[in-house]
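To start, the structure itself, in structure tokens.
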Amino acid sequence: MLAKSDVEAAKTAIFFGSLPPPVFDAILQRSRIIEVKAGQTLFHQGENAAAIFAVLNGMIKLTVTKRDGEEVVVETFAAGSSFAEALAFERSPYPVSAAALVDSRILMAPSGAVRAAVHDNPDAFSAILAATYRHLHHLVRQIEQLKSDSGLERLGHYILARSEVAQFPNEVEIPVEKKVLASLLGMKPETLSRAFKRMREHGVKVDGPIIRLDDPSALRRLLDAD
């Protein structure tokens, strides 16, 4: 039996929150909570997709491993996110690996339980479409940025996006290590360092995980001019 707080946290994830209540309840009855420590792997690239996941608290990274062994971060998921939804119906292997960036609490819903719960409820497929659309939209945006934006622009847009939802727009917390951020933005760590150094001249100060903006509009002008 899941705690009430876990149930409410699961509802904040777009997939689980979009499900009709009877389907949501049926899936949760066969789901379980797993605690993962920072660095611990949830699943490996190539393993058979066995579950849909929701991050109740903490943060998960999705990575692919290149032929030379380099690990590339393709996405991160914080509390209120779900992932691997479509794979529950494709019955295909995970195309990525998933691991915890920090100690995390995860809801794990077995793929079979999800398929059984939605089989006789067509309305449930809207939840799958909603989650798939959000992931696809984000992926398309990432590809656009990688193809058209410089490293400086990708970092700047990332900072400004977080600034827009931060409690204090002039103070942004980066929730991941800088090497993870560099990989997520398609940059080398040294390129990320150079981008931060250039931004320093425009009022962007780095203090550990905190980015302070003297004037967010100055950063926007820098990006427009780049």
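Values in this text are rule-based calculations from the coordinates and carry no lab data. Quick caveat: nothing in here was measured; it's all calculated off a predicted structure. Every residue, glycine as well, gets a Cβ built from its backbone with ideal geometry; the counts of neighbours run over all protein chains shown.
Here are some notes:
- Footprinting exposure proxy for Ser5, Ser31 (fewest neighbouring C-beta atoms within 10 Å first): Ser5, Ser31
- Cross-link table Lys11/Lys205; Lys11/Lys61; Lys11/Lys37; Lys4/Lys205, entries beyond 31 Å C-alpha to C-alpha: Lys11/Lys205; Lys4/Lys205
- Stretchable slack from Ile210 to Lys178, in nm (0.36 nm times residue separation minus alpha-carbon distance): 10.4 nm
- In the chain, the DSSP-assigned H stretches of four residues or longer account for a calculated mean residue ellipticity at 222 nm of -13500 deg cm²/dmol, using -39500 (n - 2.57) per stretch and the full residue count as denominator.
- 10 Å binning of all Cα-Cα separations within segment 150-225, expressed as whole percents from 0 upward: 21, 60, 19
- On Cα atoms only, tilt of 151-165 relative to the major axis of the chain in degrees: 60 degrees
- Rg/Rg_globular for segment 15-55, with Rg_globular taken as 2.2 N^0.38 Å and Rg from C-alpha atoms: 1.41
- Coil-residue GluC sites (Glu not before Pro) of segment 35-119, DSSP, other Cβ within 10 Å capped at 14: Glu47, Glu70
- C-alpha long axis of helix 125-148 to longest principal axis of the chain, angle in °: 20 degrees
- Sequence-distant aspartates and glutamates (8 or more away, or on other chains) whose Cα lies within less than 13 Å of Lys178: Glu190, Asp207
- Against the compact-protein benchmark of 2.2 N^0.38 Å, the Cα-based radius of gyration of the chain scales to 1.10.
- Ranking of Arg162, Arg32, Arg105, Arg67 by count of other Cβ atoms within 10 Å, fewest first: Arg67, Arg32, Arg162, Arg105
- Each part reduced to its alpha carbon centroid, segment 147-173 and segment 46-88 end up 23 Å apart.
- Shown in residue order for segment 28-37 are the 3J(HN,Hα) couplings computed by the Karplus curve 6.51 cos²θ - 1.76 cosθ + 1.60 at θ = phi - 60°: 5, 4, 10, 9, 9, 9, 10, 9, 10, 7 Hz (x for Gly and Pro).
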